[in-house]
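The values are calculated or read from the model by the stated rules, or taken from the named source; none is laboratory data. Remember, predicted model here, so these are calculated numbers, not experimental data. Cβ atoms come from the backbone with ideal geometry, glycine included; neighbour counts cover every protein chain shown. The accessibility values were calculated without ligands, DNA or RNA, using every heavy atom of the protein model including side chains. Shrake-Rupley method; radii C 1.70, N 1.55, O 1.52, S 1.80 Å.
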Amino acid sequence: MGEHKRIGILTSGGDCAGLNAAIRAVVHRAVGTYGWEVLGIRQATQGLMHHPPKVMPLSIDKIDSLLTAGGTVLGTTNEGNPFAFPMPDGTVSDRSSEIIAGYHELGLDAMIGIGGDGSLAILRKIAQQGNLNLVGIPKTIDNDVGITEHSIGCDTAVNIATEAIDRLHFTAASHSRVMILEVMGRDAGHIAISAGIAGGADVILIPEIPYTLDNLCQKLFERQDRGKNYSLIVVSEAVRTDTGETVTRTNRLGQCRLGGIGDYLADRISACTGAETRVIVLGHIQRGGTPSPLDRLVASAFGVAAVDLIADGKYDHMVGWQNRQVVSVPIGEAIAQYRAVDPNGTLVKTARGLGIYLGD
Ligand code: F6P
């Protein structure tokens with residue numbers, strides 16, 4: 001069975017469905033198989049900044065309902081970069097050494113960080129600075145972490161967006177409207193293209209492929225000419241305006257968040273076609289609720305494999321999914337390879353083959 005270990009686990013960045021399933025799998029493998037101790041670290045790295053660190057011991061009896069629960073029982077944040085941490089007096093401070101001290105105070109042998117590319121990059125920098133033993137698990141509805149085909153959360157988001165499109169067909173047809181569904185995904189159009197194809201959208205706009213308003217409207221006119229009284233458009237939040245700007249809103253901390261391209265397009269499309277147009281911004285609904293079976297499966301496989309990496313002493317690695325297998329890759333390599341939609345890939349060819357307007 002090997003030597004006893006105490007490991008920490010944290011979730012970092014935006015939440016998504018499947019995080020709890022991964023936590024559950026880590027506890028099953030670490031406690032159940034290896035007889036180790038698992039400490040759940042609260043609120044991403046912020047839990048390690050506290051004295052004493054904010055943790056919850058995770059035993060097998062604490063994880064009973066986690067497989068299907070949305071969110072993360074550990075809490076998370078995407079607002080507190082430890083290298084430029086916002087302080088109450090308005091300044092920013094480098095608090096990475098406090099996190100390293102927290103890790104040592106807990107007597108951790110290793111730590112599993114569940115995060116997207118931004119969080120994994122930050123965790124890796126801290127681990128290198130403090131000589132900590134880090135293993136990563138990729139999660140993000142954006143599915144943009146390099147080298148892995150799946151990151152936890154994306155499949156659920158695609159399911160939710162697809163269901164939204166399915167529902168919009170009926171109301172759009174009843175009112176003879178153009179309906180625009182704006183989905184998340186940051187700079188990667190994975191949610192938009194997958195849900196758009198699966199839901200039967202007429203137009204899919206993703207950040208990776210430029211479009212023109214003229215050609216978009218042409219597609220809508222063609223549908224009208226064929227007797228179709230409505231059209232469905234899926235747009236990814238980072239798609240630019242036809243003059244090349246990203247559309248953003250500012251949150252309470254003054255941080256920019258993508259959002260609003262749907263409204264922008266609606267105005268232009270109404271002006272160009274005269275169609276009655278409505279916008280639906282799906283927002284954080286894409287991150288919430290019960291994980292899909294695929295996300296539960298991937299999260300479970302990732303959790304088990306991450307613990308095995310620790311058992312093998314294979315640190316600074318991340319688990320990933322390739323060709324139905326769990327693999328391990330250096331975190332540095334994974335975060336260096338941003339995973340966008342391949343403009344020559346299968347999904348783009350499929351969408352074009354179906355007659356969907358996807359840009360030019
Ligand atoms: O990275 C995940 C994500 O949901 C993006 O798709 C989206 O742009 C962003 O996070 C939203 O962030 P917040 O939760 O801060 O609004």
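Things worth noting here:
- Against the chain, whose longest principal axis is taken from its Cα atoms, helix 190-199 shows a tilt of about 50°.
- Relative contact order for region 5-54, counting Cα pairs under 8 Å that sit 6 or more residues apart, in percent: 46
- DSSP-loop chymotrypsin sites (Phe, Trp or Tyr not before Pro) across region 313-347, with at most 12 other Cβ within 10 angstrom: Y338
- On the principal axes of its alpha-carbon atoms, region 8-55 has extents of 30, 27, 8 Å, going from largest to smallest.
- For region 154-285, the per residue solvent-accessible surface stands at 44 Å², with DNA, RNA and ligands left out and a 1.4 Å probe.
- Taking only alpha carbon atoms, region 157-222 gives an Rg to Rh ratio of 0.96, where Rh is the Kirkwood radius.
- For the chain, the 222 nm mean residue ellipticity estimated from helices alone, with every DSSP H stretch of n ≥ 4 adding -39500 (n - 2.57) and the total spread over all residues, rounds to -11000 deg cm²/dmol.
- Accessible surface of region 175-218 [probe 1.4 Å, protein heavy atoms]: carbon and sulfur percent: 44
- Percent breakdown of C-alpha pair distances by 10 Å bin, ordered from the shortest bin, for region 88-127: 25, 47, 26, 2
- Three principal axis extents describe the C-alpha atoms of region 1-154; from largest down they are 44, 34, 27 Å.
- Per principal axis, descending, Cα span of region 100-194 in whole Å: 62, 22, 19
- Computed over Cα pairs, the Kirkwood radius of region 47-103 leads via Stokes-Einstein (1.306 mPa s, 10 °C) to a diffusion coefficient of 117 µm² per second.
- Compactness of region 118-253 was expressed as the Cα radius of gyration divided by 2.2 N^0.38 Å, which yields 1.30.
- Carbon plus sulfur fraction of accessible area for region 258-360, probe 1.4 Å, in percent: 52
- All C-alpha pair distances within region 314-360, sorted into 5 Å bins from zero, spread as 5, 17, 17, 16, 13, 12, 12, 6, 2, 0 percent across the bins.
- For the chain, the longest principal axis of the alpha carbon atoms and the long axis of helix 293-311 meet at an angle near 30°.
- Orientation-averaged projected area, Cα convex hull of region 264-360 (nm²): 10.0
- Alpha-carbon centroid distance for the pair region 98-146 / region 37-59, whole angstrom: 13
- Shape descriptor for region 188-335: Rg over Rh equals 1.09 (Cα atoms; Rh from the Kirkwood inverse mean 1/r).
- Surface accessible to a 1.4 Å probe, per residue, for the residues of region 305-360, Å²: 52
- Sparse packing (at most 10 other Cβ atoms within 10 Å of the Cβ) combined with a DSSP loop state is found for the following trypsin sites (Lys or Arg not before Pro) in region 159-253: R226, R252.
- Pairwise centroid distance, computed over Cα atoms, of region 262-307 with region 68-88, Å: 21
- For the chain, the calculated P(r) over all alpha carbon pairs, in 10 Å bins from 0 to the bin holding the longest distance, is 5, 24, 30, 21, 13, 6, 1, 0 percent.
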